[in-house]
Structure formats: structure tokens, C-alpha cells
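**Q** Have a look at the structure that comes next, please.
Where a number appears in this text, it was derived from the coordinates with a stated rule and is not lab data. Because the structure is predicted, anything quoted here is derived from the model rather than measured. For neighbour counting, all protein chains shown are included, and Cβ atoms are generated from backbone atoms with ideal geometry for every residue, glycine included.
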């Protein structure tokens, strides 16, 4: 008769009522590009089966809570013991100087600023951080300092890995959480972007790149150009206008925020946004309608 020594049935984790379950039942976890980027970074660290076990925990709903704060994530994960384990994941803060560089790079690109101010995450946002010589996402496994109160010697253990995966879905809901983890809240970033964009709008001409005093000196005064003011030059024939809907609707209004004026209980920005939408739609309709008519003639 063959005997098997030291064999034991692996203990199953205690079931959690109303635990945080991953939305994905199979395949990849995370829907947006930034959550997938988070997962791909983690999987590039070659953590092996620990991530697989953590993914199973995430789908079973073993994570009880996740709290994201600047530089640290705290979570509770139910394992095989009666008391849930305490998980901590730390990601190094970017310094004030690093944030200044990154915010300057983001503010310098109108599309970045407009999307961020409207609550969206530009897909190439990492370019702004790269320009500043820093990284938004962790680059190496030791960029993440993790700890779990479980007796498992491996780090990350399956409890930490489960939190990794559910963080991706948290990022789906709020892309600014990755900024918060790096040390800046959504409100701080938006305020900094608005201040920088506003300061740029009030620059003197000689402070604006490509529009120095030399360039202004070459321009003729208006009174010397009155006879030809309404005449189109030959260069205008070469100009092609191809209007299209903007990538971000009412980007300027979103960048400026609420107006200091309200009509009744409605802020003027809300009314202008509706007016811009109607005018833009009509302009596109007229432009493409005229183009079709010319093509038929």
C-alpha cells in the first residue's frame, strides 16, 4: 500500500459577502488604455503564478476594500484565516519639481490640457512625463514597495496581486487615481493647468515663442494697408479649408471652467456650450453641403 506523507488539501479562502469583484470574468482585466498599461507594466516584471492567483482572488471577490491616497494604497483582502489581511502598496511620490516639469509639458499641448480639464486621459500622456525625464507608471518592480500581513513569504503574494488587478478597474472609473498615487489629486492638477494656461494667455508678445518684437516690427500698420484690406491675395486660392468636429467638444469652455455670470440658476458656460454645439453643427452642415454642391456643378 502506497502512503503519501505531508499531503494536505490546499485551504480555500473564506467567502466574502459583497466583496470587490473584478468585472472581467475571463481574459484581460481593465478596459481603458491606462488600466491596461498598468497591468502590462506589472506583468512585465515576471511575477509569474503569483499574479495568476491574485487574478483569481480578484474575480472571486476576496478584496474587501481599497483606499487610494497620495503615494499609498491600503486594502483589506480575505484569505483563509478569519481576519482579513492588510495590504499596502506604495509608489514613490513625484517631487514638487518633477510635477512642475510634467505639468508644464502637459499645459504646453492644448489637446493634453483640454482632455485633462474635461476629465479624460490622453492616450499619449506619458510623452509629457518623458519630456520631463520622469515616468507616470512604475518602471521597475522595486518602484513598488508592497507589504501584506499574511504569512506568505513571497512578495507580492496573491493578496497584493489581487489588489493590483482591482486597481486597474479603479483606474477605469477614475483615471486621475494614477496621478493621485504619484502625489497629485485631480483638483491640484486641474488648478495647476488652468493657472499655466491662463498665464500663457497673458504673456507679452516678446515672451511668446516665434512672436518677438522683431516680428512685430516687420508688420505694416493698418492705416498703410487700407486700400488692399478687403482684397484677397493669390495665396488664398491655395488655402484649403476642411472643417471637422473637434476632438473635444467645447474644449475652450472646459478649460476656462465656470463663468462668473449666471442667468437664473444656469451658469453662462452651460448656455454657451449649448450654443457652440448648435453653431458648430450648423457650420459643418453648411460647409459640407456647399462642398457637395460645388462638386456637382
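**Q** Cα gyration tensor of the stretch 1-102, axes a ≥ b ≥ c as square roots of the eigenvalues: rounded (a/c below 1.5), prolate (a/b > b/c) or oblate?
**A** Because a/c hits 1.5 or more and a/b exceeds b/c, the stretch 1-102 counts as prolate.
**Q** Still on this structure: What FRET efficiency do you get for residue 74 and residue 258 if R0 is 41 Å and r is their Cβ-Cβ distance, rounded to the nearest 0.05?
**A** Efficiency computed from Cβ-Cβ geometry: 0.75.
**Q** Taking each pair of different alpha-carbon atoms in the stretch 124-187 once, compute 1/r for the pair, average those values, and report the inverse of that mean as the Kirkwood hydrodynamic radius in Å to one decimal.
**A** Kirkwood hydrodynamic radius for the stretch 124-187: 13.6 Å.
**Q** While we're on this one: Fewest Cβ neighbours within 10 Å first, please rank 148, 225 accordingly.
**A** If I rank by nearby Cβ atoms, fewest first, I get 225, 148.
**Q** Going by how many other Cβ atoms sit within 10 Å of their own, how do 253, 284 line up, fewest first?
**A** Neighbour counts put them in this order, fewest first: 284, 253.
**Q** Using the 10 angstrom Cβ neighbour count as an exposure proxy, how do 93, 159 rank, fewest first?
**A** Placing the least packed residue first, the sequence is 93, 159.
**Q** If you don't mind, another one. Between residue 43 and residue 222, what is 0.36 nm times their sequence separation minus the Cα-Cα distance? Round to one decimal in nm.
**A** Length difference between fully extended and current span is 58.2 nm.
**Q** How many angstrom separate the Cα center of the stretch 257-275 from the Cα center of the stretch 84-132?
**A** 29 Å
**Q** Once the Cβ-Cβ distance between residue 278 and residue 130 is put in as r, and R0 is 35 Å, what FRET efficiency do you end up with, to the nearest 0.05?
**A** 0.30
**Q** Additional query: Under the 0.36 nm per residue contour assumption, what length would be gained going from the current alpha-carbon distance of residue 83 and residue 33 to full extension?
**A** 14.5 nm
**Q** Any chance you could run the full-extension gain for residue 17 through residue 185? It's 0.36 nm times the residue separation minus the Cα-Cα distance, nm to one decimal.
**A** This chain segment gains 57.4 nm when fully extended.
**Q** Under a plain spin-label model, where a point goes 7 Å from the Cα along Cα-to-Cβ, how far apart in nm are residue 230 and residue 95?
**A** Result: 6.2 nm between the two label points.
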